[in-house]
Amino acid sequence: MNTMLFTNDRDRVWLAVVLAPVMLLVGFIALAEFQWSRKDAEIDRKLQGIFPAAFLDAPYSDAAGEALKTMFDLKPNNTQETLSETNLAKINRIEFALASFRNEVDHLNSLENDAVSLSVEFDPTPFYDDIYRRAKTLLENVSAADAIYIAAAPSFFEHWFEHEVRQGRFADAIDVISYLQGPSTPVVSVAKAMSIPGWTLEQIETIERLVNHPAATQNESIPPELRRIETVARLLPWFQGKTTLLYRNRYYQSSPFPIAPSVRLAVLNRELAAAEINNVGSVNSIKKIRKLDLACREAIDSGIDTALQIPLYKSVNLYESAFTGEDDFVLQARQLSDERLAQTAIAIRKFELMKGEFPARLEELSTIGFNFYRDQELASYNLFYQKFPSDQRREWIGDDSVGFDTELSPELANRKGWWGMLGGGHDTTVYFCPSGAAEEPPSDQATEE
Amino acid sequence: MATQVTTAEATIRTNHEPSSTAWFWWKESRQLAPLLVMLVAVAFLALFFDLIGSSLWNFQVPHEALLLAIPGLFATGAGPLLVGQERSTRTIEWLTLLPVSPSRLAITKLLVSLVGLVVIWMFSLLLLAVTGDGSSKWSTLNPNDLLYDQQSILVWLIHSLFVLLVGFYVSWRIENQFYALLLLIGIAFSPFIAVSVTSGLLSRALLAKESGILSLIFTAIGVAVMFPLSLRAAARTLGAKPAPSLNGFEVSRSSVAAATVPEFNTQTAPVIWQSFHSAKGTWMVISVMLLVGCLGTMSTPEFGVDILSNNWLPLFVLLFAVATSWIGVCVFKHDGAAERLRFLADRGVSWKRTYLALHGFPIAMVSTLLLLFALFNLKIDHFNYDAASGMPSLLTMMFFVVTAYSVSQWASQIFRTLILSVIIAPILAWTTVGWLSSAIAMCGVPVWCVVVCALTPMLASFVMMKHYMDGRDRPWTFAVGAAAVAIIIGLPIFTMYRRIQAIPGMTPSQRTALLNEARKARSQNLRSVFVALSYSGRYSDQTMLLNAEQLIDSAKSYRYEPQVIVAPLTTQSGEPVRPAYCDSAFQFWYENFSLSQLTWESNPETWPDYAVFLDSSVTLLRSLRADHHYWSQEYADRLEIMLLDALSQEAIRAKRDSETVQKVVRSIGTPQSRAKARREAVLAQWAEAVMDPDDPSAFNFYGYFPENASGLAAWAEPRVDEAIVLALLDGIEAAKTHSASTGWLHDLHELITPTIPFEESQYGPAWRKQPVLQILTYQSRFAPGMFMGRDWEYVDPNALLVNESTVSPNADEQE
């Protein structure tokens, strides 16, 4: 029997008043569930387009590993995989031995800080000399081929390098640099080291070779397929919805409940798009990743299926280290700009050694073969350079120390001639002390860039 | 003559006015008793949940706020109950006909409620004295707390009296009980508003003491004002009323009113219409409360951060919570609801249809609320660091609202009076929400269980609907209610119990046998010595450095001296080995050992230094193996690996006949000796935890327990520990026999590292293929038993010294 036949308008109105909100709510939930299924399927399709089936089913199985290697002709990029067991053990021992030196260095650093607090004189130089002498003895037995695999704390070598430069032992300082390769090179320390005169041209050219490596095109040298794999493979179970990441939230540290596919799909799209960005570290790359970030947030917020998450709408922190973020690009930009600073500082000192004085402008560095404008777009921090006469040193530098935060010797601090100032990178300024005493320059002739 | 008649009449009237109103006292006491009993029950219920909260989750309710709020609730409800009940049962007119003066009636009601207030105050204070102040964070009674205020208890007392008088006043003045209650809440805050105004006039914040004194003064003034006002209101209500005058306008108005009664064709729609129409004002008030609560909460930037850091946020949330609960109360408790239901029952209207119809409008309101919430969340950015980042999802909000609604509508069916429902329902509803939320968030209760518990009150009210309509729901409603409470509390507890029982612990016989074995092993053990594997040197406490000489001295003396570290372990020949346990600074030992080893290999003249290190390592190894802390065995494994690696180097073969190297060879254990030491250590440490569970240094293998079930950790830990012990014993046995079984690895993975896939865990094949030397000092991926059963255990140290093609301890399971 059709009940509606027995209703009048008033009945229908009140029934509608009561039923409509309930039906709308149920409809909303049904729509959210539908979107959940649909986006889950979309994620699966996307992943199937990237990874072989064996990898998707069991990413940690041997078959998956073989399938990946075959598909992308992967070679082990972990350097330690190429070493024999014996060499690996030897490298481990060396790393641990160096770590023991680091403990001693850390202790001396703390004593130096105590000396400042107590306002007492404390010269740690003999102790540092002893530590680094023993470290050098240890490393003398390490072949150059093995040395590149040592992953001991770069900060230990950086501190060692700075110590040798302070003591004026430039040759030893170059030996220390040679233990570090690529991104571990302490480029800021190298840049500051150029402020101190006494280098020979040969030494400068050696450092130039050690520091000068191609700009950050590492991203481009990796095939796009591989880049996508690297960024997504390690998070595969999360994208598939098989696991939940811990997310930092004041009320809930972890959730055993599934994360909505809108969230996973938005992050997946962001990761894939981020892997396509070239020239990582350039201003444009940072702009692009910011746009991707915004688009990702909008996609997540507009996802209806997030209503079905438990317990919160926000289920993931986009700034987790697991995900590619702006910080990664900014860090790369800083690294590149520091490298550029170091390369420029080396070129300036080299120019002075070859031509007898610092350049008036950075463009003059091209006369010694240094292209200042190379890779400029890659670093977002601009460099600036100026020359100023020695009698304006106090005005330009002030009473602050120069070089490695230690006082220059009075002889160097009062050296006459033209000084140089190179600024930029990530908040670093290098003041170049002239190599030899010169005539007193005119007092009001500072050269500006 | 007239005088005599007057005197006789006065005598007759005087003789007829009862000298005692004891029967009235009894009547009023009976009327007030349910409120008293319910509040006592609420107090015990709150303490019960406090007990659960503190034992499960180390969360305590501030007893003072809880127990001193009970008299406040009584004071709020007493007047509306005693007067409002008369109105709803139409007994006001009967009271006016009694040969008792209105003032005496009013004063009797007041006195009865006053006695009730005293009783509830005594109860609360007694309970507070017995249970302590719970969380002292909020305490105004604890002299050590910042909120301590000597006048606070007096202010509470006087304020409750003030609220009681206001309750009577508004109830006598206003017919609608709901509006009366709202007005009461508003006036109740007036003394504190006056204090704030005073502070504003003085243009400065008041000290706690000043605020307390002013509160006391304003409240006392309030009492003095409200007392005569309430009596006057009572007199007006109970006194003779002027006869109503009929005029044409009123007649026509009533006719018009009669003519506009809507007509319906169905039985359901009019019930829906009636439930809305009869309480339009109530729905309006609830809607405003919801609107203010929601908008206020959304606009507060600190939402989701620290709810107490914002003064207004608790108020907005409270408004929303109470309004949601009152939606449920309005199902069975709008004006005239009982009579209407009786009317429908007498006319044979289906009770099921009535039930659905009564829920129609409230559920529509709840659905609208949730829908608006869902649509609102489509528009906001959940990644800003403000309110939106902590926004509960639609499902979560639905759970909160539906549970509160479900319990509230059930409470409104159980309690006869509106006032009781309005006061008690929000407390019961949100206590239930809190209980179920905690159950799912901290005790791992499954979603289906929580949903069943949330809907149980709906089922209970549905089951009782027929009897309720017939007015014959007592005493069955209490039986059904008890069953519902049993389900809401018992079902989650049952699932928690099942969850804990599902952990594979020991059987009783296993436990007994292993404990006996542990006791026997412990009885043979000497007292352990603690060894710190850190750098030695003077001025290890750098706060003692005061001058340059001391700095230099500290620099010179900062050395790693293994012989100094193990000095307490040295024994004479024939003496038993001294057991030792160490700190977690093993990486210092290995770093300096490596340095010593490499230094000697490049400069053979440094052999004496290296020999000291080898010798000290042997001493340390023996003492760690003899110790009954399990972690000592783990460090002993690492030391053996380190020494085996040293023996495998070609350079040491030249020294193979030296006493030092022979000592090293003899110190290397066999699979059998290691198994014995490990087994004793595992059992001894576990037994210590069983016998002294409060000892923080006892057995702790950091067995994993999911964070959403962390509330059960206290109960689950013993079973998890037992399961880990069994798995470790299996692993020890497998290592001893060089078995290829991996069941114990899977078991340990499930118990300790289940959050990552087995293939990636420290027990998985990939990790176990890594050279042991490479992972020797890894702290962050430390997992018990990760070195057990690997190939280093089966290396013959003598063979390392003599055999050219040796098996390095680093070589391991290869493909």
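The values are calculated or read from the model by the stated rules, or taken from the named source; none is laboratory data. As the structure is a computational prediction, the values presented were derived from the model and not from experiment. With ideal geometry, Cβ positions are generated from the backbone for all residues, glycine too; neighbour counts draw on all protein chains shown. In case anyone asks, the SASA skips ligands and DNA or RNA and just uses the protein heavy atoms, side chains included. Shrake-Rupley method; radii C 1.70, N 1.55, O 1.52, S 1.80 Å.
Points worth noting:
- Out of B:L745, B:L773, sole residue that is at pLDDT 85 or above and either under 26 Å from A:R93 (Cβ atoms) or assigned by TED's automatic domain parsing to the domain that holds B:D645 (or both): B:L745
- Tally of residues being facing another protein chain (nearest Cβ under 8 Å) and in a loop (DSSP other than H, G, I, E, B) across region B:380-401: 6
- Among residues of region B:576-602 being among the charged types (D, E, K, R) and assigned to a helix (DSSP H, G or I), the one that is nearest to the other protein chains (Cβ to nearest Cβ) is B:E591.
One line per residue, one yes/no per condition, for (1) hydroxyl-bearing (S, T, Y); (2) over 26 Å from A:A99 (Cβ atoms); (3) open to solvent by 50 Å² or more (accessible area, probe 1.4 Å); (4) at pLDDT below 75:
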site: A:D146; (1), (2), (3), (4): no, no, no, yes
site: A:L201; (1), (2), (3), (4): no, yes, yes, no
site: A:A215; (1), (2), (3), (4): no, yes, no, yes
site: A:L236; (1), (2), (3), (4): no, yes, no, no
site: A:Q240; (1), (2), (3), (4): no, yes, no, no
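- Tally of residues being away from every other protein chain (no Cβ under 14 Å), assigned to a loop (DSSP other than H, G, I, E, B) and open to solvent by less than 90 Å² (accessible area, probe 1.4 Å) across region B:559-574: 4
- Test: residue in region B:630-645 that is under 20 Å from B:P771 (Cα atoms), in a loop (DSSP other than H, G, I, E, B) and touching a residue at least 24 places away in the same chain (Cβ under 8 Å): no
- Residue within region B:751-765 that is surrounded by fewer than 21 Cβ atoms within 10 Å (Cβ to Cβ), in the same structural domain as B:A677 (by TED's automatic domain parsing) and of a type in the set (F, W, Y) present: yes
- No other residue among B:E263, B:E302 is within 14 Å of chain A (Cβ to nearest Cβ) and modelled with pLDDT under 75 apart from B:E302.
- Residue list for region A:117-131, restricted to those being more than 13 Å from B:I552 (Cα to Cα), surrounded by 11 or more Cβ atoms within 10 Å (Cβ to Cβ) and more than 9 Å from chain B (Cβ to nearest Cβ): A:D129, A:D130, A:I131
- Taking the listed residues B:A441, B:A411, the one that is in the same structural domain as B:V322 (by TED's automatic domain parsing), modelled with pLDDT of 90 or more, among the small types (G, A, S) and in a helix (DSSP H, G or I) is B:A411, with no other qualifying.
- Residues in region B:513-558 that are open to solvent by 30 Å² or more (accessible area, probe 1.4 Å), within 12 Å of chain A (Cβ to nearest Cβ), at pLDDT 85 or above and not in a loop (DSSP other than H, G, I, E, B): B:E549, B:Q550, B:I552, B:D553, B:K556.
- Residues within region B:426-439 that are within 11 Å of the chain's Cα centre (by Cα) and within 14 Å of chain A (Cβ to nearest Cβ), tallied: 5
- Residue pairs whose Cβ atoms lie under 6 Å apart, sitting 6 or more positions apart in sequence or on different chains, and linking a residue in region A:291-319 that is more than 9 Å from every other protein chain (Cβ to nearest Cβ) and under 23 Å from B:A441 (Cα atoms) to a partner that is assigned to a helix (DSSP H, G or I) and not charged (D, E, K, R), are A:D305/A:A32; A:D305/A:Q35; A:D305/A:W36; A:D305/A:S262; A:V316/A:V263.
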